[in-house]
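Trainee: Take this structure first; my questions come after.
The values are calculated or read from the model by the stated rules, or taken from the named source; none is laboratory data. Just so we're clear, the structure is a prediction, and the values are computed from it rather than from any experiment. Neighbour counts are summed over all protein chains in view; Cβ atoms, including those assigned to glycine, are modelled from backbone coordinates with ideal geometry. Side chains are part of the model used for accessible areas, which takes the heavy atoms of the whole protein and leaves out ligands, DNA and RNA. Shrake-Rupley method; radii C 1.70, N 1.55, O 1.52, S 1.80 Å.
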Amino acid sequence: MSQDWKKIAAELGASFAERAAGYDDGDRFVVENYGELKQKKIFSMAVPSELGGGGAKLSDTCELLRELGKHCGSTALALSMHQHLLAAAVVRHLKGMPAAPLLKKVADSETVLVSTGASDWVDANGSAERVEGGYRVNAKKIFGSGSPSGDLMITSVAWNSDPEGPSVLHFALPLKSEGVKVQDDWRTLGMRGTGSHTITFENVFVSEGSISLKRPQGKWHAAWDIACNVAPPIFMSAYIGVAEAAADLALERAKSKPVKQATLIAVGEMENARTAALLAWQDMVNRSANYDFPVNLESSNAQIVCKTLATKALRHTVEKAMEVAGGSAFFRKLPLERMWRDVQGSPYHPLPENRQLLFTGGVRLGVERFWDV
């Protein structure tokens, strides 16, 4: 029997909303919320049912994150970082690649996966040195969302001394491994409860068996076509929820005051922006086709373009929500102020608009290294 994931999110959202301001004020990770998510088997919701998970579709994941975003943006965004890694593993599994062990691990113990926010991008950072049985890795990985409660880090590192030429190694590593340290450095404008700390690797041993992929450095790989098709619709779902909640709250405030022409215009602009954001986001979700998307550059580019369109529209939505609500929106006692700060994080996810424009232009004109010209 399939779960009503959106209903579960709404039920959890009540307590999440009550705690949201406290997490934000204290720069604290949403640890209690993660505990409740684990109880509801949310971290394994997307694992195929035959592997012990909830069997949720990608669209289910997006709707759950959208709903959670209405109550606590930080919880939704931190969870989205786990969910997009999980979604990529589901795609690999469905295409016959060796991802079942990871998926079973998540299903068995609600293992929390931690990402590095695509800061590595195609070339990856850090360094790997070949040693007996594996590699010694040194690196600094930023934006490790969910790391205070994380179990397994999914990341990559540059191996410049590969005899076959500079390459990138992809691997999973327990966060409790010797030499891995989660820094306490997440002090930000918004999304303060995501625990997106920097994670450092100091002479960390990574076994040969932990390497899931070795690819040439400086060349586009199909792994990125998988990531680009599942990650943007998932992480943007959190921001869509925040923007929708901001617009709804602004409407409530406006209805309690005498209506002026300027307010009517601002509401109209807000609703136009909200609709534009939803259209772009829904197109992203539709294109992901519940994991059955074409793994190619065209589909990756379409997702990244839609991400820019959704980002601009949802930020405009919340800006107008602040205007519609009036002076009360400037006070921290009203969640609108936090929602405005939270949506400021959306442009920083891959790809920021200027890099998306270069990416798209490069794809269309067939430019070499189109992703970072």
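Trainee: List the helices (runs of 4 or more DSSP H) inside region 15-115, counting only whole elements, that have at least 3 residues being surrounded by fewer than 24 Cβ atoms within 10 Å (Cβ to Cβ) and either of a type outside the set (D, E, K, R) or out of contact with any helix residue (DSSP H, G or I) (no Cβ under 6 Å at 6 or more places or on another chain) (or both). Full working, then the answer.
Mentor: On the way: elements: 31-39, 58-71, 73-94, 100-109.
Per the criteria, 31-39, 73-94, 100-109.
Trainee: Within region 247-273, count every residue that is over 19 Å from residue 334 (Cβ atoms) and touching a residue at least 24 places away in the same chain (Cβ under 8 Å).
Mentor: So the answer is 3.
Trainee: May I pose another question? Tell me, yes or no, whether region 251-266 has at least one residue that is open to solvent by 10 Å² or more (accessible area, probe 1.4 Å) and within 28 Å of residue 46 (Cβ to Cβ).
Mentor: No; the residues of region 251-266 include none that is open to solvent by 10 Å² or more (accessible area, probe 1.4 Å) and within 28 Å of residue 46 (Cβ to Cβ).
Trainee: Does region 256-271 include one or more residues that are in contact with an Asp or Glu (Cβ under 7 Å, 6 or more places away or on another chain) and at pLDDT 95 or above?
Mentor: Yes, because at least one residue in region 256-271 is in contact with an Asp or Glu (Cβ under 7 Å, 6 or more places away or on another chain) and at pLDDT 95 or above.
Trainee: Being in a loop (DSSP other than H, G, I, E, B), open to solvent by less than 40 Å² (accessible area, probe 1.4 Å) and under 19 Å from residue 203 (Cβ atoms) is the filter here; which residues of region 121-140 pass it?
Mentor: Residues satisfying the conditions are 124, 126.
Trainee: Looking at 280, 321 in this structure, which one is at pLDDT 95 or above, within 20 Å of residue 71 (Cα to Cα) and either small (Gly, Ala, Ser) or outside any helix (DSSP H, G or I) (or both)?
Mentor: Exactly one residue qualifies, and that residue is 321.
Trainee: Among the numbered conditions (1) under 24 Å from residue 216 (Cα atoms); (2) at pLDDT 95 or above, tell me where residue 174 comes up short.
Mentor: Failed condition: (1).
Trainee: Condition check: open to solvent by 50 Å² or more (accessible area, probe 1.4 Å), at pLDDT 95 or above and under 22 Å from the mean Cα position of the chain (by Cα). Does residue 312 satisfy that?
Mentor: yes
The rows are residues; the columns are (1) farther than 25 Å from residue 155 by Cβ; (2) touching a residue at least 40 places away in the same chain (Cβ under 8 Å); (3) more than 18 Å from the chain's Cα centre (by Cα).
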position: 50; (1), (2), (3): yes, no, yes
position: 53; (1), (2), (3): no, yes, yes
position: 61; (1), (2), (3): no, yes, no
position: 75; (1), (2), (3): no, yes, no
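Trainee: Can you tell me which residues in region 185-238 are in a strand (DSSP E or B), without any contact (Cβ under 8 Å) to a residue 60 or more places away in the chain and more than 30 Å from residue 290 (Cβ to Cβ)?
Mentor: 197, 198, 216
Trainee: Residue 143 passes all but one of (1) among the hydrophobic types (A, V, I, L, M, F, W, C); (2) within 30 Å of residue 337 (Cα to Cα); (3) not in a strand (DSSP E or B); which number fails?
Mentor: Residue 143 satisfies all of (1) among the hydrophobic types (A, V, I, L, M, F, W, C); (2) within 30 Å of residue 337 (Cα to Cα); (3) not in a strand (DSSP E or B) except (3).
Trainee: Let me confirm something: among 230, 204, which residue is more than 15 Å from the chain's Cα centre (by Cα) and either of a type in the set (Ser, Thr, Tyr) or surrounded by 19 or more Cβ atoms within 10 Å (Cβ to Cβ) (or both)?
Mentor: Unique residue meeting the criteria: 204.
Trainee: Being touching a residue at least 40 places away in the same chain (Cβ under 8 Å) and assigned to a loop (DSSP other than H, G, I, E, B) is the filter; apply it to region 1-14 and report the residue that is nearest to residue 191 (Cα to Cα).
Mentor: That would be 3.
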